[in-house]
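Student: Could you have a look at this structure, given as structure tokens, before my questions?
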Amino acid sequence: MSLISLLLAHTATVSLALVLTAFIFLYFYSKSSKSSNYNFPPGPPALPVIGNLNILDLHQPHKTLSKLSETYGNVFTFHMGPKKYLVLTGYEAVNEALVTQADDFSERGQTHTTEIFSKGGNGVAFGKGESWKVMRRFTLSTLRALGMGKMTTEDRIIEESQRLVEVFQSHKGKPFDPQIIINSAVSNIICSIMFGDRFDYSDAQFLNMQRILNGNMKLIVSPKTQLYNVFPFLGFFLSDHKKIDTNQTILQEYFRNAYKDCKDSVDSNDLRSFIDTFISRQREEEARNSNKYFHEGNMAATVGNLFGAGTEPTSTTLRWGLLLMMKYPHIQDKVQEEIESVIGRERPPQAEDRKRMPYMDAVLHEIQRVGNVVPMNLLHETTGDTTFRGYRIPKGTPVIPLLSSVLSDKTQWETPHQFNPNHFLDTQGKFVKRDAFMPFSAGRRLCIGETLAKMELFLFFTMLLQKFHFRPPQEVSREQLDLTPTPGFTSGPQPFQLCALSH
Ligand code: HEM
């Protein structure tokens, strides 16, 4: 190569580096200068470019944020790269924002990754603005209407839990990992609501949907994905968001096919499923020339949200429940005594039984509190310029209402770090509600599936404990059962094996 061409190549490299540096500088400057007229609460000192990322535990970010609240209080600023996040911890601050100032804090915060799920604000969980409001209202009313159909949701859950019992029985007391089968049983409830039918546990498509969902739940909070959210221009060598996108495309393809299959057979007088109801509404809106939101994009995103949100947190909570029963056998014994006296051994449990089972109710609430399956909550965002506790926060600020800090708030719980069903019992053994019980969050974005999830947890759990006594495999002592959560969007227990011994 001649000297001239070497010089030219060198000059081009230097120029490119200068342009890139200028671009990165401008990118961060524009991001950080936007909020200079506002008054954010104090927080840990931020470094240029990376902000506070140097102190964030990317595997368990909620732990870092909880720890920081000991220094900076319940309302503080955290810098993810150049961007300011408002962090709210503890019952009082989270409740004040999400409930008392519900109008100000109900927008959904987006990241570059959640954009993969919402494709421009579609669906419910990552939906925004008017489209979110319409989809949320439609989803809530459709879930209610389908629960009151020919086969009620309660019947579906009872039938599914009987099938789950059969699979547990087939292991004949030998150790097995219950994760996949619990996922499938729980998923079948939301799938039968969405598609009008359950899947066989060995159905290849169903198993693939579960595998993809599990994979995405881990990838969505992986350190690489979190870095990509802050520095999207590094995306070319951070691969996890690309895997999420590929997975999501496969799932959406399933949902779009189900939608196409239903299109010709929808009878508006006999709506069999969520997808049927969506198509029927789409036709009504089109007939009135008013269809803005009932399009295929919103259908696929909403069905995707329901599939994910309707499967993962509930099945994860059930796994926490079984693990905790093995860890605390005296509590398992008490639960079983109550089942024996209220329901007996043969009759399947019904939702009505719950009212006469305060101990079971307390145990289930405590499993949800300690299980803490959505520790970070979903990201919120201020809907407009907002004043909160004297601070002026601009429209569009991402907000983290940290649920883990509410569920372990020491001003609210007597023994925040212990599994203690007495948190939900009075001195007479009656069930008591607690304000800081917020695993489903609160306010306008409150989980849509709360009622469904509570019914599923009660019926599945009661049925399993009615039929089996759970203990760890012979070689594992109760002390060795590990309660350290695994990182993931939903925070579950470490994989474990159990022995289900028939009564
Ligand atoms: C134990 C089970 C469950 C837990 C702990 C849970 C928890 C949550 C949490 C913390 C949120 C975020 C709320 C917020 O942004 O403030 C949420 C949202 C949501 N959940 Fe659940 N969930 C559960 C089960 C379900 C089920 C069974 C469904 C299906 C019907 C469901 C559907 C949704 C949807 C669609 C949203 C988005 C709501 C919105 O953005 O307007 N969830 N859930």
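The values are calculated or read from the model by the stated rules, or taken from the named source; none is laboratory data. Here the structure is a predicted model, which means the values were calculated and not measured. Please note: Cβ atoms are built from the backbone with ideal geometry, for glycine as well, and neighbour counts cover all protein chains shown. When the accessible area is computed, the model is the full protein with side chains, heavy atoms only, and any ligands, DNA or RNA have been set aside. Shrake-Rupley method; radii C 1.70, N 1.55, O 1.52, S 1.80 Å.
Student: Among the residues of segment 235-252 satisfying the criterion of being of a type in the set (A, V, I, L, M, F, W, C) and at pLDDT below 90, which is nearest to ILE55 (Cα to Cα)? Please lay out each step first, then the result.
Tutor: If we filter segment 235-252 for residues that are of a type in the set (A, V, I, L, M, F, W, C), which is where we start, we get 236-238, 244, 250-251.
Adding the requirement that they be at pLDDT below 90 leaves 236-238.
Values: PHE236: 25, PHE237: 23, LEU238: 20 Å.
So the residue we want is LEU238.
Student: A further question on this structure: Looking at this structure, is PRO401 within 16 Å of the ligand (Cβ to nearest atom), within 25 Å of SER187 (Cβ to Cβ) and touching a His at 6+ places or on another chain (Cβ under 7 Å)? Reasoning before the result, please.
Tutor: Numbers: within 16 Å of the ligand (Cβ to nearest atom): yes; within 25 Å of SER187 (Cβ to Cβ): no; touching a His at 6+ places or on another chain (Cβ under 7 Å): yes.
So PRO401 does not fit the description; no.
Student: Shifting gears a bit: Out of all the residues in segment 120-153, which are within 19 Å of PRO348 (Cα to Cα) and touching a Leu at 6+ places or on another chain (Cβ under 7 Å)?
Tutor: THR153, the sole residue that qualifies.
Student: Here's a follow-up. Would you point out which residue out of VAL230, VAL266, VAL221 is touching a strand residue (DSSP E or B) at 6+ places or on another chain (Cβ under 7 Å) and of a type in the set (A, V, I, L, M, F, W, C)?
Tutor: Values: VAL266 fails: touching a strand residue (DSSP E or B) at 6+ places or on another chain (Cβ under 7 Å); VAL221 fails: touching a strand residue (DSSP E or B) at 6+ places or on another chain (Cβ under 7 Å).
That would be VAL230, the only listed residue that is touching a strand residue (DSSP E or B) at 6+ places or on another chain (Cβ under 7 Å) and of a type in the set (A, V, I, L, M, F, W, C).
Student: Another one. Within segment 177-192, count every residue that is in a helix (DSSP H, G or I) and open to solvent by less than 10 Å² (accessible area, probe 1.4 Å). Break it down into steps so the answer makes sense when it comes.
Tutor: Residues of segment 177-192 that are in a helix (DSSP H, G or I), as a first pass: 179-192.
Next cut, open to solvent by less than 10 Å² (accessible area, probe 1.4 Å) only: 182-192.
The total comes to 11.
Student: Quick check on VAL94: is it touching a residue at least 60 places away in the same chain (Cβ under 8 Å), in contact with a helix residue (DSSP H, G or I) (Cβ under 9 Å, 6 or more places away or on another chain) and open to solvent by 40 Å² or more (accessible area, probe 1.4 Å)? Working first, answer last.
Tutor: Working: touching a residue at least 60 places away in the same chain (Cβ under 8 Å): yes; in contact with a helix residue (DSSP H, G or I) (Cβ under 9 Å, 6 or more places away or on another chain): yes; open to solvent by 40 Å² or more (accessible area, probe 1.4 Å): no.
It is false that VAL94 is touching a residue at least 60 places away in the same chain (Cβ under 8 Å), in contact with a helix residue (DSSP H, G or I) (Cβ under 9 Å, 6 or more places away or on another chain) and open to solvent by 40 Å² or more (accessible area, probe 1.4 Å).
Student: Within segment 436-489, track down each residue that is farther than 27 Å from LEU501 by Cβ and hydroxyl-bearing (Ser, Thr, Tyr). So that I can check it myself, show each step before the final result.
Tutor: In the first step, residues of segment 436-489 are kept if they are farther than 27 Å from LEU501 by Cβ; the result is 436-454, 487-489.
The answer is SER441, THR451.
Student: Can you name every residue in segment 341-359 that is without any contact (Cβ under 8 Å) to a residue 60 or more places away in the chain and charged (D, E, K, R)?
Tutor: Residues satisfying the conditions are GLU346, ARG347, GLU352, LYS355, ARG356.
Student: Which ones in segment 343-373 are β-branched (Val, Ile, Thr) and either surrounded by fewer than 18 Cβ atoms within 10 Å (Cβ to Cβ) or within 16 Å of the ligand (Cβ to nearest atom) (or both)?
Tutor: Start the filter on segment 343-373 by keeping residues that are β-branched (Val, Ile, Thr), which leaves 343, 363, 367, 370, 373.
The answer is VAL363, ILE367, VAL370, VAL373.
Student: Got at least one residue in segment 321-334 being open to solvent by 20 Å² or more (accessible area, probe 1.4 Å), in contact (Cβ under 8 Å) with a residue 24 or more places away in the chain, more than 23 Å from the chain's Cα centre (by Cα) and under 26 Å from GLU130 (Cβ atoms)? Reasoning before the result, please.
Tutor: First, pick out the residues of segment 321-334 that are open to solvent by 20 Å² or more (accessible area, probe 1.4 Å): 327-330, 333-334.
Those still in the list that are in contact (Cβ under 8 Å) with a residue 24 or more places away in the chain too: 327-329, 334.
Narrowing the set further to residues that are more than 23 Å from the chain's Cα centre (by Cα) leaves 327-329, 334.
Filter once more, keeping what is under 26 Å from GLU130 (Cβ atoms): none.
Checking segment 321-334: not a single residue is open to solvent by 20 Å² or more (accessible area, probe 1.4 Å), in contact (Cβ under 8 Å) with a residue 24 or more places away in the chain, more than 23 Å from the chain's Cα centre (by Cα) and under 26 Å from GLU130 (Cβ atoms).
Student: Of everything in segment 104-153 that's more than 14 Å from the ligand (Cβ to nearest atom) and not β-branched (Val, Ile, Thr), which residue is most open to solvent (accessible area, probe 1.4 Å)?
Tutor: Of segment 104-153, the ones more than 14 Å from the ligand (Cβ to nearest atom) are 112-113, 115-116, 119-120, 148-152.
In the following step, the residues that additionally are not β-branched (Val, Ile, Thr) were identified as 112, 115, 119-120, 148-151.
Numbers: HIS112: 77, GLU115: 74, LYS119: 113, GLY120: 62, MET148: 148, GLY149: 36, LYS150: 178, MET151: 68 Å².
Among those that are more than 14 Å from the ligand (Cβ to nearest atom) and not β-branched (Val, Ile, Thr), it is LYS150.
Student: Taking the stated definitions as given, is GLN205 assigned to a helix (DSSP H, G or I) and either touching a strand residue (DSSP E or B) at 6+ places or on another chain (Cβ under 6 Å) or buried (at least 19 other Cβ atoms within 10 Å of the Cβ) (or both)?
Tutor: On the way: assigned to a helix (DSSP H, G or I): yes; either touching a strand residue (DSSP E or B) at 6+ places or on another chain (Cβ under 6 Å) or buried (at least 19 other Cβ atoms within 10 Å of the Cβ) (or both): no.
It is false that GLN205 is assigned to a helix (DSSP H, G or I) and either touching a strand residue (DSSP E or B) at 6+ places or on another chain (Cβ under 6 Å) or buried (at least 19 other Cβ atoms within 10 Å of the Cβ) (or both).
Student: Checking the condition in a loop (DSSP other than H, G, I, E, B), surrounded by 22 or more Cβ atoms within 10 Å (Cβ to Cβ) and not acidic (Asp, Glu), which residue from MET376, MET438 passes?
Tutor: Numbers: MET376 fails: surrounded by 22 or more Cβ atoms within 10 Å (Cβ to Cβ).
One residue alone meets the criteria, MET438.
Student: Among the listed residues PHE168, PHE278, identify the single one that is part of a helix (DSSP H, G or I), within 16 Å of the ligand (Cβ to nearest atom) and surrounded by 16 or more Cβ atoms within 10 Å (Cβ to Cβ).
Tutor: On the way: PHE168 fails: within 16 Å of the ligand (Cβ to nearest atom).
One residue alone meets the criteria, PHE278.
Student: Something else about it: Go through (1) more than 10 Å from the ligand (Cβ to nearest atom); (2) among the β-branched types (Val, Ile, Thr); (3) buried (at least 18 other Cβ atoms within 10 Å of the Cβ); (4) under 15 Å from the mean Cα position of the chain (by Cα) and name the single condition THR462 misses.
Tutor: Unmet condition: (4).
Student: Something else: Test LYS395 against the stated conditions and say whether it is in contact with a Gly (Cβ under 6 Å, 6 or more places away or on another chain), surrounded by fewer than 17 Cβ atoms within 10 Å (Cβ to Cβ) and at pLDDT 95 or above. Steps first, answer last, please.
Tutor: Numbers: in contact with a Gly (Cβ under 6 Å, 6 or more places away or on another chain): yes; surrounded by fewer than 17 Cβ atoms within 10 Å (Cβ to Cβ): yes; at pLDDT 95 or above: yes.
So LYS395 passes the test.
Student: Now for a different question. From the list PHE496, PHE419, PHE489, pick out the single residue that is within 14 Å of the ligand (Cβ to nearest atom) and either assigned to a loop (DSSP other than H, G, I, E, B) or open to solvent by 10 Å² or more (accessible area, probe 1.4 Å) (or both). Walk me through it before giving the result.
Tutor: Values: PHE496 fails: within 14 Å of the ligand (Cβ to nearest atom); PHE419 fails: within 14 Å of the ligand (Cβ to nearest atom).
Going through PHE496, PHE419, PHE489 in turn, just one is within 14 Å of the ligand (Cβ to nearest atom) and either assigned to a loop (DSSP other than H, G, I, E, B) or open to solvent by 10 Å² or more (accessible area, probe 1.4 Å) (or both): PHE489.
Student: Say whether the condition of being at pLDDT 95 or above, more than 11 Å from the ligand (Cβ to nearest atom) and hydroxyl-bearing (Ser, Thr, Tyr) is met by at least one residue in segment 429-447.
Tutor: no
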